[in-house]
Amino acid sequence: MDPVLVDLARNIATAIAFIVGGGFILVGSLGLIRLPDVWSRIHAAGIIDTIGAELILIGMMFQTGLTQTTLKLALIGLFLFITGPTATHAVANASFIAGIRPDRLKRNESEAVLGEDTPEEMKA
Amino acid sequence: MTKALGLLVALFALWLALSGYFKAFLLAVGFLSCLFTVFLARRMKLLDDEAVPLQLRLTLPLYWSWLGGEIFKSAWAVSKIILSRNIALSQQLIAVESPLKTDMGHVIFANSITLTPGTVTVEAAPGKFLVHALTDEAAGAEAFGEMARRVAAVETR
């Protein structure tokens, strides 16, 4: 394989990952402003810290090639993959317990899951 | 014993990956510190299915790559909602049955639901999760069933 071509392919792959990842981060940030309440904004933040962050990391991995740095980037990705949803869940659970109702809630099955432990404000 | 050995191997692999040193003295010191950590974990009775999940199948990375595809699809769907001129939401809190057998299986399932944009696990009860969904499509029951089946395939050997 021609090393110049390999370099070119790597740069193109990185550019695609950065552009798509950066696009998702931009859309997620816009969502944080446009969406109406805590509950829907959590989902916008979810886009940023899952697909946005992971795509940026993947883009960097194309640049570092088969080295120790790539392994470290992969580990960062793995940790984000596990800590991201944990933090998201913590925020969602806190707003649930605080009794912040989603804007125009269409269907509420809280009592079917929690029974008597459902916070007063969250009962249907 | 298997758990202790598994933790030792994993810790030493992590040490190697992060240090990148291959000198005999440093390797020995690194190995000793890993051994000490395993000893401490054992004293703290941490060597269980939660800290050393050796019971998971090795096909877990395959599950993650499938999950990556799902994350991309739902991130695309949520992005379209955010960018639409009139944001049309139908927020709902729905009950999702979790048919899994182990604690680790429940955690993987709940975390996977949270990872896919459009759905967030809010609260857990025995065998059930309370899930907040942004739209009717995100709350579709068949998507959760598919995910639960795939988690069940990796949770125990």
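The condition of being touching a Ser or Thr at 6+ places or on another chain (Cβ under 7 Å), within 29 Å of B:I94 (Cα to Cα) and small (G, A, S) holds for only one of A:G31, A:G46, that being A:G46. Residues of the range B:22-35 include none that is exposed (fewer than 13 other Cβ atoms within 10 Å of the Cβ) and under 30 Å from B:A152 (Cβ atoms). Looking only at residues of the range A:31-89 that are aromatic (F, W, Y) and within 9 Å of chain B (Cβ to nearest Cβ), we find that the one that is nearest to B:L14 (Cα to Cα) is A:F81. Restrict the check to the range B:98-105 and report whether at least one residue is facing another protein chain (nearest Cβ under 9 Å) and at pLDDT 90 or above. No; the residues of the range B:98-105 include none that is facing another protein chain (nearest Cβ under 9 Å) and at pLDDT 90 or above. Has the range B:20-40 got any residue that is more than 30 Å from A:E109 (Cα to Cα), at the interface with another protein chain (Cβ under 9 Å from one of its Cβ atoms), small (G, A, S) and in contact with a helix residue (DSSP H, G or I) (Cβ under 7 Å, 6 or more places away or on another chain)? Yes, the conditions are met somewhere in the range B:20-40. For the range B:81-105, filtering for residues that are buried (at least 19 other Cβ atoms within 10 Å of the Cβ) and out of contact with any helix residue (DSSP H, G or I) (no Cβ under 7 Å at 6 or more places or on another chain) leaves 3.
From the list A:G99, A:G84, A:G77, the one residue that fits, being in contact (Cβ under 8 Å) with a residue 12 or more places away in the chain and on the phi > 0 side of the Ramachandran plot, is A:G99.
Exactly one residue out of A:A98, A:A87 is farther than 26 Å from B:F72 by Cα and aliphatic (A, V, I, L, M): that is A:A98. Being more than 19 Å from the chain's Cα centre (by Cα), within 11 Å of another protein chain (Cβ to nearest Cβ), under 28 Å from B:K128 (Cα atoms) and of a type outside the set (D, E) is a property that holds for B:V78.
For the range B:38-59, filtering for residues that are in a helix (DSSP H, G or I) and either surrounded by 15 or more Cβ atoms within 10 Å (Cβ to Cβ) or touching a Leu at 6+ places or on another chain (Cβ under 6 Å) (or both) leaves 2.
The values are calculated or read from the model by the stated rules, or taken from the named source; none is laboratory data. Keep in mind that this is a model prediction, so the values were computed, not measured. In this analysis, Cβ positions are derived from the backbone assuming ideal geometry, glycine residues included, and neighbour counts consider all displayed protein chains.
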